[in-house]
1. For the stretch 5-38, how many residues meet the condition of being more than 7 Å from the ligand (Cβ to nearest atom) and under 18 Å from residue 54 (Cβ atoms)?
2. Could you please find all residues in the stretch 111-147 being surrounded by 13 or more Cβ atoms within 10 Å (Cβ to Cβ), without any contact (Cβ under 8 Å) to a residue 40 or more places away in the chain and among the small types (Gly, Ala, Ser)?
3. Within the stretch 270-287, restricting attention to residues that are of a type in the set (D, E, K, R) and outside any helix (DSSP H, G or I), which residue is modelled with the lowest pLDDT?
4. Condition first: within 11 Å of the ligand (Cβ to nearest atom) and crowded, with 20+ Cβ neighbours inside 10 Å. Now tell me which residues in the stretch 54-89 satisfy that.
5. State the number of residues belonging to the stretch 148-164 that are surrounded by 15 or more Cβ atoms within 10 Å (Cβ to Cβ), of a type outside the set (A, V, I, L, M) and more than 17 Å from the chain's Cα centre (by Cα).
6. Where in the stretch 2-99 are there helices (runs of 4 or more DSSP H), lying wholly inside it, with at least 3 residues that are acidic (Asp, Glu)?
7. Could you tell me which of the residues 229, 234 is of a type in the set (Gly, Ala, Ser) and in contact with a Leu (Cβ under 8 Å, 6 or more places away or on another chain)?
8. Kindly state which helices (runs of 4 or more DSSP H) lie completely within the stretch 133-205 and contain at least 2 residues that are in the same structural domain as residue 63 (by TED's automatic domain parsing) and more than 20 Å from residue 119 (Cα to Cα).
Amino acid sequence: MLNIGIIGAGRAGRLLALALHRAGWPVTGIFSRTQESAGRLAGAMGAQTVDAIAGLPALCDLILIAVPDDAIASVSSALAQFGKLAGRIIVHTSGAHDSGALVAVAQAGARTGSLHPAFAISDEAYALAHVHEATFAVESDDASVRAVLFGLVHAMGATSVEIPPGMKAQYHAATVIASNYLVTLYAASAGLLAELGIDRKAAAGLLEPLMRAALGNIAAQGVPAALTGPIARGDAGTVARHIAALADRADTILEMYQVMGRATLPLAQARGLDAALIDALRTTLKG
Ligand SMILES: NC(=O)c1ccc[n+]([C@@H]2O[C@H](COP(=O)([O-])OP(=O)(O)OC[C@H]3O[C@@H](n4cnc5c(N)ncnc54)[C@H](OP(=O)(O)O)[C@@H]3O)[C@@H](O)[C@H]2O)c1
């Protein structure tokens, strides 16, 4: 088993360290911007902390860099200054970047890759309890690195997908639409309900079961079968009433409604909605 090092004891770094430690992998070295974060994580698994990033390669065969995206290149340069990286595997956890962000350590002899948990890591206890349900995106142009990363993911009980180098931005955009923008959709709905005097708690009671049912239907029936609502039915009159109700707002909700509506038309078409009804909906949804 490879000795694992973590750079960045934040949400992603902590989850990976704790999940891999639980799976029996030796997490041996931790470096973070502050000694406090590094010490807290190291203490949970008997790992060592290092005062300087240069101390990590001596302790670890595989280093996971879990720092903010914009800090990856500078961390990579700092590691590369240490020089002796031959035989080391160095990987970052960003969704948007590929292993090209680690060019400095690659030039210093390390094998590189990226390992992105397609998982919103916020509450640590929840993340640790559910990490086995997550899928991790594995990317590297080195097959031996990919094999090691598949092994790590398997050890955590999770699933892997492989993303070709150069395609991480498209992969990450897909995860942002499904995860982050779901929060945006919730906020837009709750905002409209608040204007009707429905408070946060009541809005949560209304929206959460609605959203969970949509996710449940997607899981049970797939897309486009799970689509319900006026566009699925071809009710252009109802859509026109929605647009009239949302007109004259200073925010982006009408625009969002129309764009999402137009993006929903191919799903309605795939469900077999009549072409004339699709045309009527398209005309109604034009900005
Ligand atoms: N959170 C998620 O849901 C999630 C999911 C998938 C992937 N990721 C990826 O994981 C990476 C980290 O994200 P995060 O959410 O875990 O961020 P985070 O919670 O803000 O943690 C980042 C950690 O990096 C440390 N750090 C910052 N600059 C550093 C530097 N120059 N050298 C060493 N350590 C440094 C900070 O250390 P101190 O605490 O010591 O200040 C902080 O603990 C990003 O690439 C992100 O895209 C995150």
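The values are calculated or read from the model by the stated rules, or taken from the named source; none is laboratory data. This one's a predicted model, so the numbers in the text were calculated from it and none came from an experiment. Cβ: placed from backbone, ideal geometry, glycine included. Neighbour counts: every protein chain shown.
1. Residues flagged as more than 7 Å from the ligand (Cβ to nearest atom) and under 18 Å from residue 54 (Cβ atoms) within the stretch 5-38 amount to 6.
2. Of everything in the stretch 111-147, those that are surrounded by 13 or more Cβ atoms within 10 Å (Cβ to Cβ), without any contact (Cβ under 8 Å) to a residue 40 or more places away in the chain and among the small types (Gly, Ala, Ser) turn out to be 113, 134.
3. If we take residues in the stretch 270-287 being of a type in the set (D, E, K, R) and outside any helix (DSSP H, G or I), then 286 is modelled with the lowest pLDDT.
4. Step one: of the stretch 54-89, the residues within 11 Å of the ligand (Cβ to nearest atom) are 56, 64-79.
Listed by number, the residues that qualify are 56, 64, 65, 66, 67, 72, 75, 76, 79.
5. We begin by selecting, within the stretch 148-164, every residue surrounded by 15 or more Cβ atoms within 10 Å (Cβ to Cβ); these are 148-150, 152-153, 155-156, 158, 160, 163.
With the extra rule that they be of a type outside the set (A, V, I, L, M), the set shrinks to 150, 160.
Narrowing further to those that are more than 17 Å from the chain's Cα centre (by Cα): 150.
So the count comes out to 1.
6. none
7. 234
8. Output list reads 143-155.
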